[in-house]
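Note sheet for the following structure.
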Amino acid sequence: MALLKVKFDLKKRVKLAQMLWLMYWFSIIAGVLVLSLGLFFKIELRKRSELMDNNESHFVPNLLIGVGLLACGINAFGGKICYDSLDSSKFSKWKTIMKPFLICCLLFNVLLFFTALLCFTMRIPLQFTLAEGLKNGMKFYKDTDVPGRCYMKRTLDLMQMEFRCCGNNNYKDWFEIQWTSNRYLDFSSKEVKDRISSNVDGQYLLDGVPFSCCNPSSPRPCIQHQMTNNSAHYSYDHHNEELNIWKRGCRDALVSYYGGLMNTIGVLVLLVTILEVGVMVGLQYVNTSLSTLVNPEDPESESEGWILEKTVKETFTDIMAKMKAMGKGNQVEEGAEGQAVATVS
Amino acid sequence: MTLLKIKFSFQRRVRLAQGLWLLSWVAMVSGAITVATGVFLKTELVRRAEVMHSNDIHIVPNLLMLVGLASVGINIFAGKVCQDSLDATRFPRWKNVLIPYFCISLFFTFLLLVSVILSYALQPSLEESLKLGLKNGIRFYKDTDTPGRCFQKETIDHLQIEFHCCGNTNYKDWFEVQWINNRYLDFTSKEVKDRVRSNVDGRYLLDGVPFSCCNPASPRPCIQYQLLDNAAHYNYEHQSEELNLYNRGCRQALVNYYMSLMNTIGSAVLSVFLIQMTVLVSLRYLQTSMQAVEGQENMEIETEGYILEKGVKETFKEFQEKVKNFYKQVQGDVSPADEEAAGDAAPAEEKEATPTS
């Protein structure tokens, strides 16, 4: 007994075809939307590629772009079939392709769903990529005279100002690296010599941060240097100071930004999946209703439409049997198998 | 002798009506675009309202919004008239409305030009307003504890970061004001006492700038304090230092930004003006050519269309006469009005016949 059987007369068939045609247009737009989201995401990743580890993967945006293009193609084809379904002479040429096309649609919907899931889970590898990338970025902050790294300072400064963050985990990360280029250090002065001899690597470390960490909402001018020394500044206690510089670490800021972006994209792709499943079901109804005309000569006769000819269980056993038969295809035992297949299908 | 007379066959009239209907839709869309640009410009001006002293420049977006809305209405009406013009029975009902309609439309279209001219003419006023506004902003930068002014610091910092600028004219403007709040100055220290005593007003002035003036493109960490003292920093000379701070003043940066906005809007508005004028001229031709068809048996005759029935000068003289008569009637002077009314009656009737076209 068929799954979700519905009776169709000519009027209902025409209405179904028209509605389905409209839905296919929406699906094409949805496909374009997915494509543009993939492009946008790719551009956003590219923009900050300097702050990410070298082996950052562009798999998800590439997949989104591919799926978007595929969606446009499949939906355009489906729309054409739908348009022709109103004219039985034109529809007959599509009859043979319908079943493979519907299976194709089903596989495509599974792929869409898989893409949506990927969008939600991509957050985790991104976190690791960003942690590595930011750490290296900060190390190369001072190398404004090294070709290939001379824009790292500007990139980091602009990023800290835009995302309102400081350092990798927090501002103290800047205390552990030298972020002033050696060109601007007076090696003859006592202060510089003391600082350099105070650590193993001979780096000029200080308890200060770059200006891009400063928070404009602070009521007092920004305190960037001698941050842990309360007596260096009037009325200053670095334990209580909240507004002076950005408290958040840039890794958290970037992950939450990209995570939010991916969540939005994932939700949209899920909605597109639901739409695609809807049009696929509609096309199956159109297909079955036009194949089961009571009187094949008379276009105005009644017909029935369904999603599956048998129940889910029986269809599943059918498929398993067919696959087994294909597996034993060339064997001479076909006689018994063939009869079994004939009775079941 | 008529102004710009053109012969119209029936086919041509129909084509004119159809083309005009399409054009009126295009003009309506461009009217909507004008409203949108007016709204956008107003939003941009309101966003920076804190650093502007006067609101004179707001007349430009206000005018744009007004004219845009009027233009949408004008074009909808033109489209409706156009639709009716193809049906000779329905067209006559628009007869009386069209002359005032043309006057009003011309007025609003002229206002479009006025808004473009104003956007250029008000540039000095904008600059003055920004100069004063920024001067106050920099003066009140330190007042983060005064209600009503406590966000001035944040506003100026964000402005300098976003527009890549420092100070009013240049960074030296910061040397002339105290931009550090007294709450954070240690008045017992010698350095503070020296600085405060060194000027008449007792202000803490220093040769330093806030962090928002720093240029991220600089290869070295930002030097904000002791800017004029070459010895205070290694390998530093303030005269040749280009990249350390932003070189531009915020007034110049903002004026450039708004002028570039208004240039773009100005060119868009000029094209809207051209479209609108085309619509009005075409409608006038349609009206005059349809008039001659009125009352005729055969709808498909050839007629003439024109812009003005008489030459410009004559039409103007007639208009003046009409206004004078109207004025006299309103005044209600009995005897001179009666005599003149008797004398003017005959030519006035003739004039009545023609302008109703």
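The values are calculated or read from the model by the stated rules, or taken from the named source; none is laboratory data. Not measured: the values here are computed from a predicted model. All Cβ positions, even for glycine, are placed from backbone atoms using ideal geometry, and neighbour counts span all protein chains on display. Areas reflect the complete protein model, heavy atoms only, side chains present, ligands, DNA and RNA absent. Shrake-Rupley method; radii C 1.70, N 1.55, O 1.52, S 1.80 Å.
Computed quantities for the displayed model
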| quantity | calculated |
| --- | --- |
| For chain B: relative contact order, % (alpha-carbon pairs under 8 angstrom, 6 or more apart) | 25 percent |
| B:Glu309-B:Asn263 FRET efficiency (beta carbon distance; Förster radius 45 Å; 0.05 resolution) | 0.65 |
| Positive-end extreme of charge dipole, the protein assembly as shown - chosen from A:Gly249, A:Thr315, B:Ala253 (charges on Cβ) | A:Thr315 |
| Which listed pairs, of A:Lys5/A:Lys99; A:Lys7/A:Lys313; A:Lys15/A:Lys310, have C-alpha distances above 20 Å, in listed order | A:Lys7/A:Lys313; A:Lys15/A:Lys310 |
| Accessible surface of the protein assembly as shown [probe 1.4 Å, protein heavy atoms]: carbon and sulfur percent | 62 percent |
| Residues in the range B:29-59 that a label on B:Ile76 would reach, taking backbone N under 17 Å of a point 7 Å out along Cα→Cβ | B:29-36 |
| FRET efficiency, B:Glu300 to B:Val39 (Cβ-Cβ, R0 45 Å, nearest 0.05) | 0.45 |
| Candidate aspartates and glutamates for bridging to A:Lys12, where Cα separation is under 15 Å - those fewer than 8 sequence places away on the same chain excluded | A:Asp87, A:Glu300, A:Glu302, A:Glu304 |
| Of B:Gln331, B:Phe102, A:Val272, farthest towards positive along the dipole that unit charges on Lys, Arg, Asp, Glu beta carbons give the protein assembly as shown | A:Val272 |
| Within-14-Å neighbourhood charge of B:Ala49 [Cβ basis; K, R +1; D, E -1] | 0 |
| Rounded, prolate or oblate (a/c below 1.5 giving rounded, otherwise prolate when a/b exceeds b/c) for the protein assembly as shown by Cα gyration tensor | oblate |
| Long-range amide H partners of B:Leu245 with built H, under 5 Å | B:Asn215 |
| Integer Hz, Karplus 6.51/-1.76/1.60 couplings in order for the range A:135-150, x for Gly and Pro | 4, 5, x, 5, 4, 8, 4, 7, 7, 7, 10, 9, x, x, 10, 5 |
| Number of partner chain Cβ atoms within 10 Å, mean per residue of B:180-188 | 3 |
| Those residues of the range A:226-257 whose amide nitrogen sits under 15 Å from the label point placed on A:Gln127, 7 Å along Cα→Cβ | A:249-257 |
| With at most 15 other Cβ atoms within 10 Å, longest stretch of chain B clear of loop GluC sites (Glu not before Pro) (DSSP) | B:1-236 |
| Cα extents of the range B:100-153 along the three principal axes, largest first (Å) | 59, 22, 10 |
| In sequence order, calculated HN-Hα J values of the range B:323-328 (Karplus, 6.51, -1.76, 1.60; Hz; x Gly/Pro) | 5, 4, 4, 4, 4, 4 |
| Cα convex hull of chain A, projected area averaged across orientations, nm² | 28.5 nm² |
| Amide H partners (placed H, <5 Å) of A:Leu308, local residues excluded | A:Leu3 |
| Peptide-level mean, for B:207-214, of C-beta atoms on other protein chains within 10 Å | 4 |
| Hydrodynamic radius (Kirkwood) for chain B, which is based on Cα pairs only, to one decimal in Å | 26.0 Å |
| Whether the range A:146-194 is rounded, prolate or oblate, judged on the alpha carbon gyration tensor where a/c under 1.5 counts as rounded | oblate |
| Percentage relative contact order, chain A, counting C-alpha pairs under 8 Å, at least six apart | 26 percent |
| Cysteines having no other Cys beta carbon under 4.7 Å from their own, within chain A | A:Cys72, A:Cys82, A:Cys104, A:Cys105, A:Cys119, A:Cys150 |
